[in-house]
Amino acid sequence: MTVYKKTQKGMSELLAQAPGINLKLFNVLLLVDGLRDSAEIIKLAQEAGLPADGLEILFHGGFIEKKFKGSAALPVSRTEPQAPATVPRQTEPKDELKGFNTLYAYLVEQTKALLGLRGFGFQLRIEKATTIYTLKLLIIPISEAIAKKHGFEVSQEFRLQAERLAVEAITRQ
């Protein structure tokens with residue numbers, strides 16, 4: 001199963017005031033988040049009455065591309081002789097990235113689980129975030145949307161966990 005992510009062209013399409021593709025393909029593009037595999041996206045698309053071949057159309061149109069997992073392992077094996085010189089430099093950024101990735105994954109997972117289709121706007125904003133601070137700024141609006149759908153207690157639990165992950169990520173820097 002293939003995992004797709006949006007290309008720059010795909011992100012531009014989502015942010016455009018007037019989409020250049022038809023609404024059904026636009027909605028399939030919204031489903032692509034870099035985490036779901038193609039089978040899950042096709043299933044969701046069919047349930048929503050969207051074209052089953054939407055992923056293929058978007059792929060050939062350059063709106064999405066395949067996301068390859070583990071591709072970073074090849075350069076590391078090629079540079080093994082240089083590894084001792086670069087290991088101390090890579091350790092610190094990996095700690096920073098680990099905090100960012102943990103918070104990112106939590107926000108995406110919870111937004112998807114608790115808000116469903118209503119959370120796509122937030123998922124796009126999460127996907128565009130490049131720093132821990134921009135992710136942290138999304139916690140409050142997401143928790144407010146969760147409160148509207150599930151109530152204060154669920155929202156508060158989400159917010160506390162997200163804030164804890166954000167603080168841990170920030171202190172790692």
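For residue 96, the criteria (1) at pLDDT below 90; (2) of a type in the set (D, E, K, R); (3) surrounded by 17 or more Cβ atoms within 10 Å (Cβ to Cβ) hold in every case but one, which is (3). Inspect the stretch 149-167 for any residue being basic (Lys, Arg) and out of contact with any helix residue (DSSP H, G or I) (no Cβ under 9 Å at 6 or more places or on another chain) and give the result as yes or no. Yes, that holds for at least one residue.
The values are calculated or read from the model by the stated rules, or taken from the named source; none is laboratory data. Worth saying up front: this structure is predicted, and the values here are computed from it rather than measured. Backbone-built Cβ (ideal geometry, glycine too); neighbour counts: all protein chains shown.
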